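Encoded as structure tokens, the structure appears first; notes follow it.
Read-outs: derived from the displayed coordinates by stated rules, not from any lab. Worth saying up front: this structure is predicted, and the values here are computed from it rather than measured. Here Cβ is always computed from backbone atoms with ideal geometry, including for glycine, and neighbour counts include all displayed protein chains.
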Ligand code: GBH
């Protein structure tokens, strides 16, 4: 294991933590907040493994001063949070709800008071339900509504937000939400979810324009990436790996850098009853220049050709020889090094600076009777992955920051409260926050940097 003492990063490297609105805020019907697709989904029986919802979550909406104090003591230079669209526009189209804007105003000012840079994500999966009722991201109109929402937020927060992120993980929102139906909105369009990809990316590009009108600060997007590790040596295995890479990694990246959609996915001719999905001029909007690429990295994926004829052109296989988290995700820091160097070789000079906007792991963290929570696996995970970032930087990849997922245990989507990713333990009955060993480790690491 890498000791924290060996991890030296250049001055100015951003040390951060990440969260998202629905996972921590609670207060879902307060101060005029509208219903989001996650409220609807989590309240349907059988959707979330432990039957929980984000109604209260970490009660961050009321406890944000305490949470900001925890971040200040941790010594982070930045905090990545998301803004709940239905707090700003309860039905997705209305004029701005002043009480909704006011919450983020208070949060941003509290952060700035403590010298922490606010990093805001506009969309982390909590679409206003009223827009879902009009087709959600399957509808082209949602892209234009997203740009209007971006304008309302940017007018209010402008340059007080130091980094702007349009979308979080559009791949997961498309595949889990609209492809397999395991996330909100719970639709199952496995083979015709592509409009969801294009409309999110179109919304991203339109939002970049809307944000630029109100801020000079950097704008990016947070994609989740998984390096594809070939498991097999036949031509068919290689084709399967290429197909998975195109779908998981390149679908949401190639068009950002002016390459259009990966050819092997044959998406450019996609049509819906409303006409072609990709219209004239769209790809120029999608490719609006961005100032940084947000990279969410958890693990690599083993891929080979399907053993039997099935609906998908690949099989995902476990990676032998790696420890796993309690989510069964492999712990593979070398995957992060691989990913970063691959992004650099694939996109070359077109690749902007990178922020690792998420990285972390869940374990069965136990709070002892005397109030300690020891999580050595998380320390090892973070040390290994930060070492990988350092090596990628030495190899010439321009990485500017790392944001741990997550500041605190929270509502882990379809897993409810059964998966803990935090540096801070949360007791969901009492709302007591207890920093874990990993919090002290990260604090010491940050304190030692120039
Ligand atoms: C992120 O999604 C989200 O942005 C965040 O809200 C969430 O809480 C956090 O991560 C933790 O889940 O190799 O087959 O086991 C992460 C998306 C998709 C990454 C599944 C890991 C592992 C699939 N994840 N993937 S597998």
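Seen from all sides and averaged, what is the projected area of the convex hull of the Cα atoms in the stretch 327-450, in nm²?
Mean shadow area of the hull around the Cα atoms is 8.9 nm².
Restricting to bridges with both residues inside the stretch 4-447, how much of the DSSP beta-bridge set is antiparallel, in percent to the nearest 5? Kindly include the intermediate steps, with their values, before the conclusion.
Numbers: 12 of 49 bridges.
Approximately 25 percent, going by the DSSP bridge assignments.
Please report the base-10 log of the normalised intensity I(q)/I(0) for the stretch 215-285, using a Debye sum with one equal scatterer per alpha carbon and no solvent, at each q in 0.16, 0.25 (1/Å).
-0.72, -1.15
Which whole-number percent gives the relative contact order of the chain, counting Cα pairs below 8 Å spaced six or more residues apart?
About 19 percent, as a whole number.
Go through 391-400, 58-67 and give me the packing order, highest mean Cβ count within 10 Å leading.
The peptides rank, most packed first, as 58-67, 391-400.
Using square roots of five times the C-alpha gyration tensor eigenvalues, list the equivalent-ellipsoid semi-axes of the stretch 4-142 in whole Å, biggest first.
The equivalent ellipsoid of the stretch 4-142 has semi-axes of 30, 17, 16 Å.
Compute the Cα gyration tensor for the stretch 310-363, then decide on rounded, prolate or oblate, letting a ≥ b ≥ c be the square roots of its eigenvalues: rounded whenever a/c is under 1.5, prolate when a/b is larger than b/c in the other cases, and oblate in all that remain.
Oblate.
With a bin width of 10 angstrom, please list the P(r) values of the chain as percents of all Cα-Cα pairs, from the 0 bin to the one holding the largest distance.
4, 21, 33, 29, 11, 1, 0
Please work out the Kirkwood hydrodynamic radius for the stretch 275-376, using every pair of different C-alpha atoms, and report it in angstroms with one decimal place.
Hydrodynamic radius (Kirkwood, Cα pairs) of the stretch 275-376 is 17.8 Å.
For the stretch 38-81, just run the numbers: alpha carbon Rg, then divide by 2.2 N^0.38 Å, N being how many residues it has.
Normalised Cα radius of gyration, the stretch 38-81: 1.57.
Once Rh for the stretch 134-237 is found with the Kirkwood sum over Cα pairs, what is the Stokes-Einstein diffusion coefficient at 25 °C and 0.890 mPa s, in µm²/s?
Once the numbers are plugged in, D ends up at 162 µm²/s.
I need the shape label for the stretch 196-331. Rule: rounded when a/c is under 1.5, else prolate if a/b > b/c, else oblate, with a, b, c from the alpha carbon gyration tensor.
Oblate shape, in that a/c is at least 1.5 and b/c is the bigger or equal ratio.
Calculate the length of the line joining the C-alpha centroid of the stretch 206-229 to that of the stretch 355-424, in whole Å.
The stretch 206-229 and the stretch 355-424 have Cα centres spaced 22 Å from each other.
If one computes the Cα centroid of the stretch 30-68 and of the stretch 242-281, what distance in Å separates the two points?
Result: 33 Å between the Cα centres.
Given the rule -39500 (n - 2.57) for each run of at least 4 DSSP H residues, summed and divided by the residues of the chain, what is its mean residue ellipticity at 222 nm, to the nearest 500 deg cm²/dmol?
That comes out to -10000 deg cm²/dmol.
For the stretch 265-325, report the translational diffusion coefficient in µm²/s to the nearest whole number, using Stokes-Einstein at 4 °C, 1.567 mPa s, and a Kirkwood Rh over Cα pairs.
It diffuses with D of about 79 µm²/s by this estimate.
For the stretch 392-450, what is the convex hull (Cα atoms) projected area averaged across all directions, in square nanometres?
On the way: hull surface 23.2 nm².
Orientation-averaged projected area of the Cα hull: 5.8 nm².
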